[in-house]
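Okay, so here's the structure we're looking at.
The values are calculated or read from the model by the stated rules, or taken from the named source; none is laboratory data. Just so we're clear, the structure is a prediction, and the values are computed from it rather than from any experiment. Note that each Cβ is placed from the backbone with ideal geometry, even for glycine, and that neighbours are counted across all protein chains shown. Remember, those area values only see protein heavy atoms, side chains included, never the ligands or the DNA or RNA. Shrake-Rupley method; radii C 1.70, N 1.55, O 1.52, S 1.80 Å.
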Amino acid sequence: MVMILSEEQQLLKDSAKAFLSESAPISALRAMRDAGDDHMPELWSKMSEMGWPGIVIPDAYSGLEFGYVGAGVVLEEMGRTLALSPFLSSAVVAASLINQLGSEQQKEKYLPSIATGELTAVLAADESGFFDLDGIATSATANDGGYTLSGSKRGVIDGHNADLFLIVTNGDEGMSVFAVEKEAAGISCETRLIVDSQRAADITLDSVAVSSDALMGTLGGASEALEFTIDVAAACSAAEMLGISIETFERTVGYLKEREQFGSKIGTFQGLQHRAAQLFAEIEVSKSAVLAALQALDENSEKRSVLASMAKAKCAKVVRNATEEGVQMHGGIGMTDEFDIGFFMKRAAVCRQAYGDYHYHADRFANLRGY
């Protein structure tokens with residue numbers, strides 16, 4: 001395993017950095033929030049024009065087939081500017097699940113539209129507010145020519161703007177996934193503003209009747225595809241947290257070099273130097289963990305799940321430390337809304353929770369390694 005980016009991946013990373021720095025700086029997030037909005041449709045439109053929604057989608061379905069390392073480098077740069085878009089939820093996570101589990105007809109129906117950004121789809125799995133596939137109670141009952149879905153989902157990121165829900169059900173036969181359009185009769189969707197100024201949806205399925213065409217794969221046969229999707233979500237979410245950690249660290253070190261106290265730059269204080277050095281080392285380890293997980297996805301390595309959960313658990317811990325240290329080292333101004341550093345702490349809180357938090361992935365890692 002070569003732990004560096006290829007020339008093409010580095011070019012994509014540089015391109016993403018330049019584009020997001022210009023089109024989606026922190027000031028854009030602040031302006032969106034202050035205007036009472038909860039998403040950035042113009043930014044998503046520009047991303048779509050650049051082909052980013054098709055990065056992990058195979059060429060056969062109008063995607064770029066650039067792979068998960070490519071998606072990861074984009075998400076890392078998105079983490080550095082806190083760009084809001086359905087890139088992770090729709091173009092990476094949902095597209096991967098459809099590609100793994102969908103029939104040829106379903107892939108042809110959904111993936112080209114996701115690749116152009118015209119269609120957004122989201123995985124609707126969580127029911128308790130904490131990611132736990134073992135706790136899914138949403139049911140699918142067979143009826144004449146189709147199924148009836150009943151249950152609820154909580155905290156679906158980007159669910160309020162999605163066109164398609166990938167509903168996970170559970171029963172005696174095992175876990176299944178149904179592709180259900182948002183406007184289907186029996187679906188109600190309540191949204192709530194979350195800490196980083198975007199919205200999450202709580203979805204209720206009240207005897208939603210769907211045809212057999214909505215079932216992806218076989219009834220009760222979705223476990224393997226869902227495990228792959230968890231790996232994708234964990235590794236790519238870790239990449240976004242890595243970007244948040246790097247940006248927060250660089251901003252904090254920059255402040256330490258400028259701020260004077262008692263006649264000296266506070267960066268000369270040994271106590272702060274030790275804390276910054278420890279954080280630098282943790283971020284460097286995180287970079288290796290994330291790249292290893294993304295490469296394992298592209299290679300479909302047998303270590304894929306172990307590396308993905310390791311990356312998510314590691315980055316969840318490091319990004320919390322990075323953002324909390326960032327706020328503390330900025331002193332009193334770090335606590336104010338007028339200063340940007342607090343935005344990173346809020347987004348980090350959402351990223352840590354999404355698709356399994358530190359405890360979920362640390363436990364998964366331990367189980368996979370036989371501890």
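Scan the range 335-353 for residues that are touching a residue at least 40 places away in the same chain (Cβ under 8 Å) and farther than 19 Å from His39 by Cα and jot them down. Listed by number, the residues that qualify are Ile341, Arg352, Gln353.
Considering only the range 297-354, state which residues are assigned to a helix (DSSP H, G or I), open to solvent by 30 Å² or more (accessible area, probe 1.4 Å) and of a type in the set (Asp, Glu). Listed by number, the residues that qualify are Asp298, Glu299, Glu324.
In the range 263-301, what count of residues is obtained for those that are touching a helix residue (DSSP H, G or I) at 6+ places or on another chain (Cβ under 8 Å) and over 23 Å from Ala71 (Cβ atoms)? Quick ask: steps written out before the conclusion?
Our first condition is that a residue be touching a helix residue (DSSP H, G or I) at 6+ places or on another chain (Cβ under 8 Å); within the range 263-301, this holds for 265-267, 272-273, 275-276, 279-280, 282-283, 285-287, 289-298, 301.
Checking which are over 23 Å from Ala71 (Cβ atoms) leaves us with 265-267, 272-273, 275-276, 279-280, 282.
Qualifying residue count, the range 263-301: 10.
Here is a yes/no grid of residues against (1) touching a strand residue (DSSP E or B) at 6+ places or on another chain (Cβ under 9 Å); (2) surrounded by fewer than 24 Cβ atoms within 10 Å (Cβ to Cβ):
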| site | (1), (2) |
| --- | --- |
| Met47 | no, no |
| Gly51 | no, yes |
| Ser62 | no, yes |
| Val73 | no, no |
| Ala95 | yes, no |
| Gln105 | no, yes |
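Here the condition is being in contact with a Cys (Cβ under 9 Å, 6 or more places away or on another chain) and modelled with pLDDT of 95 or more; of Ala91, Ala83, Ala60, Ala71, it holds for Ala71 alone. Scanning the range 205-225 turns up at least one residue that is of a type in the set (D, E, K, R), under 24 Å from the mean Cα position of the chain (by Cα), over 28 Å from Leu82 (Cβ atoms) and assigned to a helix (DSSP H, G or I).
Out of curiosity, is Ala201 in contact (Cβ under 8 Å) with a residue 40 or more places away in the chain, farther than 22 Å from Lys109 by Cα and crowded, with 22+ Cβ neighbours inside 10 Å? Lay out the reasoning, then the answer.
Details: in contact (Cβ under 8 Å) with a residue 40 or more places away in the chain: yes; farther than 22 Å from Lys109 by Cα: yes; crowded, with 22+ Cβ neighbours inside 10 Å: yes.
Criteria met by Ala201.
In the range 186-194, is there at least one residue being open to solvent by less than 10 Å² (accessible area, probe 1.4 Å) and of a type in the set (D, E, K, R)? No, the range 186-194 contains no residue that is open to solvent by less than 10 Å² (accessible area, probe 1.4 Å) and of a type in the set (D, E, K, R).
If I ask for residues that are hydroxyl-bearing (Ser, Thr, Tyr) and under 25 Å from Ala233 (Cα atoms), which ones from the range 261-300 would you list? Of everything in the range 261-300, those that are hydroxyl-bearing (Ser, Thr, Tyr) and under 25 Å from Ala233 (Cα atoms) turn out to be Ser286, Ser288.
How many of the residues making up the range 1-45 are open to solvent by 70 Å² or more (accessible area, probe 1.4 Å), under 26 Å from Ala293 (Cβ atoms) and of a type in the set (D, E, K, R)? The qualifying residues number 4. For the residues Phe87, Phe131, the requirement of being of a type in the set (Phe, Trp, Tyr) and open to solvent by 10 Å² or more (accessible area, probe 1.4 Å) singles out Phe131.
Of all the numbered requirements in (1) under 28 Å from Ala313 (Cβ atoms); (2) among the polar types (S, T, N, Q); (3) not in a helix (DSSP H, G or I), Thr229 misses one, and that requirement is (3). Within the range 108-116, one or more residues are buried (at least 16 other Cβ atoms within 10 Å of the Cβ), among the small types (Gly, Ala, Ser) and more than 17 Å from Ala354 (Cα to Cα). Exactly one residue out of Ser237, Ser245 is in a helix (DSSP H, G or I), more than 22 Å from Ile114 (Cα to Cα) and open to solvent by less than 10 Å² (accessible area, probe 1.4 Å): that is Ser245. Taken over the range 110-136, the criterion of being over 14 Å from the mean Cα position of the chain (by Cα), under 20 Å from Gly51 (Cβ atoms) and of a type outside the set (S, T, N, Q) is satisfied by Tyr110, Leu111, Pro112, Ile114, Ala115, Gly117, Glu118, Leu119. Of all the residues in the range 158-183, those that are open to solvent by 30 Å² or more (accessible area, probe 1.4 Å), modelled with pLDDT of 95 or more and either within 13 Å of Ala214 (Cβ to Cβ) or in a strand (DSSP E or B) (or both) number 2.
Number of residues in the range 119-139 that are assigned to a helix (DSSP H, G or I), in contact with a strand residue (DSSP E or B) (Cβ under 8 Å, 6 or more places away or on another chain) and not hydrophobic (A, V, I, L, M, F, W, C) equals 0.
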